[in-house]
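The values are calculated or read from the model by the stated rules, or taken from the named source; none is laboratory data. Worth saying up front: this structure is predicted, and the values here are computed from it rather than measured. Methodologically, a virtual Cβ is constructed for each residue, glycine included, from the backbone with ideal geometry; neighbour enumeration extends over all protein chains shown. With ligands, DNA and RNA removed, areas are computed over all heavy atoms of the protein, side chains included. Shrake-Rupley method; radii C 1.70, N 1.55, O 1.52, S 1.80 Å.
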Amino acid sequence: MTSIHAGARSASSVALPGRSLLRIGPVTVQVRRRPVLVAGTLFLLLAGSVVLSLSLGTPYVAPADVLRALSGAGTPYDLVVLDLRLPRAVLAALAGAAFGVAGTLIQSVARNPLASPDVIGVTQGAGLAATVALTGGAAAVLVAPAALLGGLVAAVLVFALGARHGLAAQRFVLAGVAVAFAFRALTEVVMLTADPIDGLRAQLWLIGTLAGKGWTEAAWIGGTLALLLPVLAWAGWALRSTALDDDTARGIGLRPVARRIGLAATGVLIAATVTAQVGAVDFVALVAPQVARRLVRAERPPLLCAALLGALLLVLADLAGRRLFAPTQLPAGVLTAAIGGPYLMFLLLRTRKRGS
């Protein structure tokens, strides 16, 4: 008996290849080194990009002054850094992280790298509701709630159409694409029949922009992520079983259908919330999970790395939109589309080569 326990203890003290041992009291956990390294690198890049976003502009603020302003030391640039630029940078980071998380959950459930909120209809539902509000004379404060409601209605339709066969992956994606096309067509009808000025406002919202937004929108997104933190902790663990077929999952005591519904519902709720606040910023939720998965070299998109990469992408996209053609500002959605379009073609070509 002693030798068995000694052997067990010695086996637990040997790290597997690519892993390190993390001891927390009497518990020893094996941690993969590459995801930790990738997450740390992405965090440092994100921090650097935020400082760069706070620095570049008119007036230019040296990074050292940015750091002093953030530390509360007091500089002549406190108004520029803390009041004018910081809210937008924080919003970009939170919105990008939320898109990355939502895309990871939806792609894992769909088992399809092309699935994302802007592909399965959530973004289009939010866009239709926001367009109706903007062109119908509704108060500005009602646009975000309307968009959130529209995104959730679209998600309910997708779930209803894809609920057969336990929310099978292929059916879920096809239902989402059908809902997306239907809502996009209705949005075009509303815009064509609206006043030109209202239609232009709706078009700008549909592209997705962070201009004129800040702490209020960031608080909504950050509050949603904070409230869902226990659910996201469960999701990080539940994602491990999404690659299993239903019979295998049931054989080891799991409930695959309930897990898929829970993961997908969490993803669409986050996607609808962030879209309601910043507009239809496409492709971040599509690109971030798959790039993170390739960086980590994992079978499924890693939740934390996808969130960090999504935040990094949107901060850089917003910065590029502000500075590339200054003083003219491009919406962040234009820059993310410029990134996502070629990446989508890359995924399609890669899929075609695998099929051949």
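A compact table of results
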quantity	calculated
Tensor-based shape of the range 30-164 (alpha-carbon gyration tensor, a/c under 1.5 rounded, otherwise prolate or oblate)	oblate
Prolate/oblate/rounded label for the range 115-189 (Cα gyration tensor, a/c 1.5)	prolate
Accessible surface of the range 133-223, 1.4 Å probe, proportion on carbon and sulfur as whole %	73 percent
Potential lengthening between LEU84 and ARG297 on full extension [0.36 nm per residue; Cα-Cα distance subtracted]	72.8 nm
Whole-Hz couplings from phi, Karplus 6.51/-1.76/1.60, listed for the range 138-145; x for Gly and Pro	6, 5, 4, 5, 8, 5, 4, x
Accessible surface, per residue, of the range 89-173 when the full set of protein chains is kept, probe 1.4 Å, Å²	33 Å²
VAL177/ALA47 FRET efficiency (R0 30 Å; Cβ-Cβ; nearest 0.05)	0.20
Debye log10 I(q)/I(0) for the range 105-156, one point scatterer per Cα, at q = 0.24, 0.29, 0.32 Å⁻¹	-0.79, -0.98, -1.08
Shape of the range 178-233, Cα gyration tensor, a/c cut at 1.5	oblate
